[in-house]
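One structure below.
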Amino acid sequence: MENLTPKRIVEELDRYVIGQGDAKRAVAVALRNRWRRQQLPEEMRDEVAPKNIIMIGPTGVGKTEIARRLARLTNSPFIKIEASKFTEVGYVGRDVESMIRDLTELARNLVQEEYREQNAAKAEDIALERLLDLLLPRPPGFGAIDPVSAQAKDPLGEEHYGRTREKFRGMLLEGKLDDREVEFEVADKGPEIQLMGGADLEQMGINLKDMIGGMFPSQTRTRRMKVPEAFKLLTQEEGDKLIDPDKVNVEAIARTEQSGIVFLDEVDKIASRSNGSHGPDVSREGVQRDLLPIVEGCTVQTKYGHVRTDHILFIAAGAFHMAKPSDLLPELQGRFPIRVELDSLGLEEFVRILQEPENALVVQYPALLATEGVKITFSEDAVKEVASFAARINEQMENIGARRLHTIMERLFEEISFNAPEMSGQEVDIDAAYVRDRLKDIVEDLDLSRYIL
């Protein structure tokens, strides 16, 4: 984290998101401030609140992608949630505290996976020994000690078994036993308990599923599978045994509190659009009031312990076509001190999106079809033509930003993708003329475009 300076963070984001420099700078500074806070004396550390961000911009301009890439960059727990899913407590919907519980669950999975990787070598060694026991069971009386001589009763037999076991070990590592099947006992998870109900049941019955599940005695069942599959399952089982669940829970809560990121999408949908308090506005304002203590900082009860939200970073986003950020509750506005407006995407940005990112579409589609033996070459004028069609359709219909490129590329490659298995060994050159031929009729027919593009 120390090496992730704001400039370096922006450079990393530039690899995947085109443009939106202001938004990248804002999240880069917010992330760096987290590291700075950790360097402060403990008595000052808790007083520094995170600088939450509101991103304002139409759909498809990179709001979600910036937040998601930021979380991956720091290996932070990240959750994307639509604000419109929540309603005021008492109405049908989800309790706003559920997003913190979900974030904690994700953090625990993240920490558990890290511990599994740390213990992978040891878990594989133990699993290998268990697998050898299944392939070559120890003979009766193996390891028995003569009480008079205090030596093994059958030293020659044990020596022979040891040599055979080492031979099997070599064959197992070389993959010569992959076709063999083994039979062994695995833990049965028991019946899956699903809780049906609203926010109250979710809040009060956090541990109810575990309590009900604990009523059923732990059982095992016999499974028969090939050696590679058995080795994988045994490794996972042994890896889980090496993990201390209490230690994982403590670290997951700390990770959630100190580096968790909540991306609150569609926040404009909960903004009251009038001064009246009737109809949907009652629920919208109620959601805002429920969100307020979460964003300000409170303690949420989860199945792994209490989680404080004081230093979780909240990034809110919305198009704000019908409402304005000023329509949010003043108290909630104050908890999002940084506001960033993202630019709409045009022809120039679409050309860059198609070419520059590491996961660019003109790289993805040829790679997918190369698995079928079909070689695709994209000319420069074809890229510009696709970008031009996307920009034109966004102007004529609903502007969905860069997502329009996905729909156009799917339409462009529809015929090739369908016939690819029969085209193995062929080369297809995609130029501007090919793009126009595939898309011209649909783009010109506005009614057809509404359904297809």
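Would you mind finding the one in T309, T256 that is at pLDDT 90 or above, surrounded by 14 or more Cβ atoms within 10 Å (Cβ to Cβ) and out of contact with any Lys or Arg (no Cβ under 9 Å at 6 or more places or on another chain)?
Values: T256 fails: out of contact with any Lys or Arg (no Cβ under 9 Å at 6 or more places or on another chain).
Going through T309, T256 in turn, the sole match is T309.
Only one of the numbered conditions (1) modelled with pLDDT of 60 or more; (2) over 30 Å from V48 (Cα atoms) is violated by G197, and that is (1).
For R130, the stated conditions do not hold, so it cannot be described as out of contact with any strand residue (DSSP E or B) (no Cβ under 6 Å at 6 or more places or on another chain), assigned to a helix (DSSP H, G or I), at pLDDT 80 or above and open to solvent by less than 60 Å² (accessible area, probe 1.4 Å).
Consider E358 carefully, then state whether it is under 24 Å from the mean Cα position of the chain (by Cα), at pLDDT below 90 and open to solvent by 10 Å² or more (accessible area, probe 1.4 Å).
Numbers: under 24 Å from the mean Cα position of the chain (by Cα): yes; at pLDDT below 90: yes; open to solvent by 10 Å² or more (accessible area, probe 1.4 Å): yes.
When the stated conditions are applied, E358 passes them.
Please find, among E266, E229, the residue that is at pLDDT 85 or above and touching a strand residue (DSSP E or B) at 6+ places or on another chain (Cβ under 6 Å). Explain how you work it out, then say what you get.
Details: E229 fails: touching a strand residue (DSSP E or B) at 6+ places or on another chain (Cβ under 6 Å).
From the options E266, E229, the qualifying one is E266.
Among the residues of the range 140-176, those that are assigned to a loop (DSSP other than H, G, I, E, B), of a type outside the set (K, R) and modelled with pLDDT of 70 or more comprise E174, G175. If you check E65, E47, E43 for being assigned to a helix (DSSP H, G or I), farther than 16 Å from A317 by Cα and not β-branched (V, I, T), only one passes: E43.
Can you find a residue that is of a type in the set (V, I, T), more than 17 Å from E257 (Cα to Cα), in a loop (DSSP other than H, G, I, E, B) and open to solvent by 50 Å² or more (accessible area, probe 1.4 Å) anywhere in the range 88-103? Show your work before the answer.
Of the range 88-103, the ones of a type in the set (V, I, T) are 89, 92, 96, 100.
Retained after the next criterion (residues that are more than 17 Å from E257 (Cα to Cα)): 89, 92.
Restricting the remaining residues to those that are in a loop (DSSP other than H, G, I, E, B) gives 92.
Narrowing the set further to residues that are open to solvent by 50 Å² or more (accessible area, probe 1.4 Å) leaves 92.
Yes; the residues of the range 88-103 include at least one that is of a type in the set (V, I, T), more than 17 Å from E257 (Cα to Cα), in a loop (DSSP other than H, G, I, E, B) and open to solvent by 50 Å² or more (accessible area, probe 1.4 Å).
Just a yes or no: is a residue in the range 38-49 touching a helix residue (DSSP H, G or I) at 6+ places or on another chain (Cβ under 8 Å) and free of Cβ contacts under 8 Å to residues at least 12 places away in the same chain? Looking through the range 38-49, at least one residue is touching a helix residue (DSSP H, G or I) at 6+ places or on another chain (Cβ under 8 Å) and free of Cβ contacts under 8 Å to residues at least 12 places away in the same chain.
R25 meets the conditions (1) basic (K, R); (2) without any contact (Cβ under 8 Å) to a residue 24 or more places away in the chain; (3) loosely packed, with under 14 Cβ neighbours inside 10 Å in every case but one. The failed one is (3). Looking at R450, R438, just one residue is more than 30 Å from G318 (Cβ to Cβ), open to solvent by 20 Å² or more (accessible area, probe 1.4 Å) and at pLDDT below 90, and that residue is R438. Looking only at residues in the range 287-299 that are among the charged types (D, E, K, R) and in contact (Cβ under 8 Å) with a residue 40 or more places away in the chain, the one that is nearest to R68 (Cα to Cα) is D290.
Per-residue answers, yes or no, for (1) exposed (fewer than 15 other Cβ atoms within 10 Å of the Cβ); (2) in contact with a helix residue (DSSP H, G or I) (Cβ under 6 Å, 6 or more places away or on another chain):
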{"position": "V383", "(1), (2)": "no, yes"}
{"position": "A391", "(1), (2)": "no, yes"}
{"position": "N399", "(1), (2)": "no, no"}
{"position": "E410", "(1), (2)": "yes, no"}
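Test D125 against the criterion of being within 19 Å of E237 (Cβ to Cβ), within 31 Å of the chain's Cα centre (by Cα) and surrounded by fewer than 17 Cβ atoms within 10 Å (Cβ to Cβ), and give yes or no. Write out each step before concluding.
Working: within 19 Å of E237 (Cβ to Cβ): yes; within 31 Å of the chain's Cα centre (by Cα): yes; surrounded by fewer than 17 Cβ atoms within 10 Å (Cβ to Cβ): yes.
So D125 fits the description; yes.
The values are calculated or read from the model by the stated rules, or taken from the named source; none is laboratory data. Worth saying up front: this structure is predicted, and the values here are computed from it rather than measured. We place every Cβ from the backbone using ideal geometry, glycine too, and count neighbours over all the protein chains shown. Accessible surface areas use protein heavy atoms only, side chains included; no ligands, DNA or RNA. Shrake-Rupley method; radii C 1.70, N 1.55, O 1.52, S 1.80 Å.
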